[in-house]
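Asks: Below is one structure. I have some questions about it.
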Amino acid sequence: MAQLPAILPARSGPFLLAWIIQFIYLVCPLIFVLGCVVNALLPLTLGALITAFDTSSIAPFPAFGASPWPYLVTYVILRFLASSGGLAAIRDALWIPFMQ
């Protein structure tokens, strides 16, 4: 906690820049939590996809229907977000001003 003033400038420099840095400092932990949620949803989505392919008349989630396409698209999006080019790349790109 002693390093917080050094990381988050209150009013040193341009006012807008200080707000942007503070916003990024708060967004990065949220991206980390979102990554944990995505990792928890991946097996559930894969199970729903397999169920949709296995039994075409029963919908695992009624909101998506019995077609396997919504499950497949959701699984692909979640896999992209969980990969190193998804949320991790966004977090790393936002964290660059703190690393310099």
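Read-outs throughout are calculated quantities, based only on the coordinates presented, and are distinct from any laboratory measurement. It should be emphasised that the depicted structure is a prediction, and the values quoted were computed from it without experimental measurement. Using ideal geometry, Cβ is built from the backbone for each residue, glycine included, and neighbour counts are taken over all protein chains shown.
Asks: Quick one: 3J(HN,Hα) in Hz for the stretch 69-83, Karplus 6.51/-1.76/1.60 with θ = phi - 60°, rounded, Gly and Pro as x.
Replies: 4, x, 5, 5, 5, 4, 5, 5, 5, 5, 5, 5, 5, 7, 6
Asks: Next question. Run the numbers for Phe32 and Asp54: contour at 0.36 nm per residue of separation, minus the present Cα-Cα distance, in nm.
Replies: Answer, rounded to one decimal: 4.5 nm.
Asks: Read phi for every residue in the stretch 19-30 and hand back ³J(HN,Hα) as whole Hz from Karplus 6.51 cos²θ - 1.76 cosθ + 1.60, θ = phi - 60°, with x for Gly and Pro.
Replies: Coupling constants for the stretch 19-30: 5, 5, 5, 5, 5, 5, 4, 8, 6, 4, x, 5 Hz.
Asks: Then there's this: Within the stretch 56-100, list the residues whose amide N lies under 17 Å from a label point set 7 Å along Cα→Cβ of Leu17.
Replies: Answer for this model: 95-100.
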